[in-house]
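Have a look at the structure below, then the notes.
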Amino acid sequence: MLKKRNVMTIGTLAKTAGVGVETVRYYQRRGLMSEPEKPYGGIRHYDEQALARLHFIRASQWLGFSLDEIGELLTLQDGAHCDEARELGEQKLTSVRRKISHLQQIERALNELVQKCSAGHGDVYCPLMASLNDGVEDATTDKHKVR
């Protein structure tokens, strides 16, 4: 006896993957997922492979990959292109490290401004608000001084 493949409607697929139906449709329009044929007078059915694809897309997004980058990763999914996949991963890692560095610079600048606010006495002068009104130096510089 043949084992029946687990089939789902788009609603069941989406719910199982923790996404909305429109998200599945959007991924289909973007070419990240295929759309099963619709039988005459029936509804489309999705299998476990579609669910695995959705999980792959969501895991990739969690790691910070854009949908375009995920499309590239999907072309390498057969496992025979490890060098190319590693290169994409290294590029993403470099980007994440750059963002972390930028966020640390922002943290230092905000910390300095908040400390100045805490040290204020007398007048209703707020260094944080003054800095935002005047503009803060470019975040790529090492020092975060208020202009």
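Some values worked out for this structure:
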| quantity | calculated |
| --- | --- |
| Backbone HN-Hα couplings from phi across the stretch 61-66 [Karplus 6.51/-1.76/1.60, Hz, Gly and Pro as x] | 5, 4, 7, x, 6, 6 |
| Longest to shortest principal axis, alpha-carbon extents of the stretch 1-75, angstrom | 41, 27, 23 |
| Computed magnitude of the charge dipole of the stretch 1-126 (debye, nearest 20; Cβ of K, R +1, Cβ of D, E -1) | 500 |
| Exposure proxy ranking, count of Cβ atoms within 10 Å, fewest first, for I106, I43, I57 | I43, I106, I57 |
| Residue order, fewest to most beta carbons within 10 Å, for M129, M8 | M129, M8 |
| Spin-label model distance (nm) - D134 vs S34, 7 Å beyond Cα toward Cβ | 6.2 |
| R0 of 30 Å, Cβ-Cβ distance A85-V21: FRET efficiency to nearest 0.05 | 0.50 |
| Other-chain or far-sequence residues with amide H under 5 Å of Y46's (modelled H) | M8, T9 |
| Order of C82, C117 under a 10 Å beta carbon neighbour criterion, fewest first | C82, C117 |
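Each reported figure results from applying straightforward, stated rules to the coordinates on display, with no laboratory input. All values reported here derive from a predicted model rather than from experimental measurement. Note that each Cβ is placed from the backbone with ideal geometry, even for glycine, and that neighbours are counted across all protein chains shown.
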